[in-house]
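The values are calculated or read from the model by the stated rules, or taken from the named source; none is laboratory data. This structure is a prediction, so every number in the text was calculated from the model and none was measured. Note: ideal-geometry Cβ built from the backbone for every residue, glycine included; neighbour counts use all protein chains shown. The area values use the complete protein model at the heavy-atom level, side chains included, leaving out ligands, DNA and RNA. Shrake-Rupley method; radii C 1.70, N 1.55, O 1.52, S 1.80 Å.
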Amino acid sequence: MSIVTVQLGQCGNQIGFEVFDALFSDSHCPQGLCSKRENEAYQASCKERFFSEEEHGVPIARAVLVDMEPKVINQTLSKAAQSGRWKYGQHSCFCQKQGSGNNWAYGYSVHGPRHEESIMNLIQKEVEKCDSLSGFFIIMSMAGGTGSGLGAFITRNLQDQYSNSLKMNHIIWPYGTGEVIVQNYNSILTLSHLYRSSDALLVHENDALHKICAKLMNIKQISFRDINQVLAHQLGSVFQPTYSEEGSSHYRRNPLGDLLENLVPHPEFKMLGVRNIPQMSEHSLAYSTFTWAGLLKHLRQMLISNAKMEEGIDWQVRPPLSGAPTLGKMSANKNLHFNTSLANLVILRGKEVHSADLGGFKDPALYTSWLEPDNAFNMWKTQRAFNKYEKSAALVSNSQFLVKPLDMIVGKAWNMFASKAYIHQYTKFGIEEEDFLDSFTLLEQVVASYRNL
């Protein structure tokens, strides 16, 4: 089954390019550490998901590119074409001459309705090229105007027109220090609208990605391209093919469906985060060896202490005792910042993958009391190595990891709203104070639900 990717705004288009490039590079990597037959099956499965038929031998990304300014889309198209390895479709882009000026309301209420028909037609053409559709992967930021406002509008339309297809929004969480004065407004409006129309929100935080570039990749002058490549590596380690079940050599057919079935057991809880290990520069990789036991011990501690990378993990954080009364568990969580999970999926790739012991992730103390670990934990595996890493593990988790950042964004937006700062910029495009209040109410409920896991 195929995934149609919708790249929105500057951020979505730049990330989208790196994601397709990472997927293509990995599936054509000679160091897959598996048989030729296995490698060919892996390549075919990746191609079915993300690339459509070739034009002159060059695969075409299953993607629609949307931005309200032409510059980034033109750069993205030419970068893909210059690579000579894959490209975007000739008629898969929509751009205009006027941006959204970092105003969510302009993207949602002006650009959305004005260009709805053209954009939805492009998406429909892309859907028609799929033998069967797994769903939509929508890449956007939430701080600006086009990705966030138009992104929320398009997601709502996809929900109306393709109600039986899955929608996963990949969201870039803005830097805490902020690039845009109204980013907190844009963020709460984006999140609250997506919570109503998307099946899952896969979140990457700019601050965490920046740290990975500095500490793990040893990059001195960090650019957005560096950050996007780290992010693309993480997404690739989740979305590339894995076996459908233990001992099988057939690849999963429905990547989005399987992900959401494993990770979103209740519509109140849609926030997903990704961690992966190891992640390092190519230079360091040449001198490193890994064991599954070591990788999984670190990954589990990253989960429970809510660390985004293996450096600087807090090893003091321990799961509360399983038998402890609920109240005790709550206060233990508060004291030690223990990150309670609703659902976890571990994806293992590489050598001796069948010898890896994942018992540590099945501990009931890691999970909320209303789900059994058998339902809350899943693992996917393949012997095919990912992106030159002999052994690698990715963890997609639905946990309390975003409670603090979400609470902070809602708090900052509320403080501005209480003093009516910049509200006129939104009301003049039809977003009323009532809409803000609805967003606050919904997101405060999300924070409360996650807190009480």
Answer from GLU372, GLU444 - the residue that is open to solvent by 80 Å² or more (accessible area, probe 1.4 Å), under 24 Å from the mean Cα position of the chain (by Cα) and closer than 25 Å to LYS270 by Cβ: GLU444
Any hit, the stretch 119-131, residues being in a strand (DSSP E or B), over 15 Å from ASN157 (Cβ atoms) and touching a strand residue (DSSP E or B) at 6+ places or on another chain (Cβ under 7 Å): no
Meets criteria (free of Cβ contacts under 8 Å to residues at least 60 places away in the same chain and either touching a helix residue (DSSP H, G or I) at 6+ places or on another chain (Cβ under 7 Å) or surrounded by 18 or more Cβ atoms within 10 Å (Cβ to Cβ) (or both)) for ILE313: yes
Residue list for the stretch 27-72, restricted to those being part of a loop (DSSP other than H, G, I, E, B) and exposed (fewer than 13 other Cβ atoms within 10 Å of the Cβ): PRO30, GLN31, SER35, HIS56, GLY57
Residue within the stretch 161-181 that is open to solvent by 10 Å² or more (accessible area, probe 1.4 Å) and part of a helix (DSSP H, G or I) present: yes
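To keep it simple, each residue is scored yes or no on (1) buried (at least 17 other Cβ atoms within 10 Å of the Cβ); (2) in a helix (DSSP H, G or I); (3) under 22 Å from the mean Cα position of the chain (by Cα).
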| position | (1), (2), (3) |
| --- | --- |
| SER392 | yes, no, yes |
| ILE409 | yes, yes, yes |
| ILE431 | yes, no, no |
| ASP438 | no, yes, no |
Subset of the stretch 375-390 (residues that are touching a Cys at 6+ places or on another chain (Cβ under 6 Å) and surrounded by 23 or more Cβ atoms within 10 Å (Cβ to Cβ)): ARG384
Evaluation of GLU245 against (1) closer than 11 Å to TRP380 by Cα; (2) in contact with a strand residue (DSSP E or B) (Cβ under 7 Å, 6 or more places away or on another chain); (3) surrounded by fewer than 15 Cβ atoms within 10 Å (Cβ to Cβ) (one fails), failing number: (2)
Subset of the stretch 78-87 [part of a helix (DSSP H, G or I) and buried (at least 21 other Cβ atoms within 10 Å of the Cβ)]: ALA80
Residue among ASN103, ASN157 that alone is at pLDDT below 95 and open to solvent by less than 40 Å² (accessible area, probe 1.4 Å): ASN103
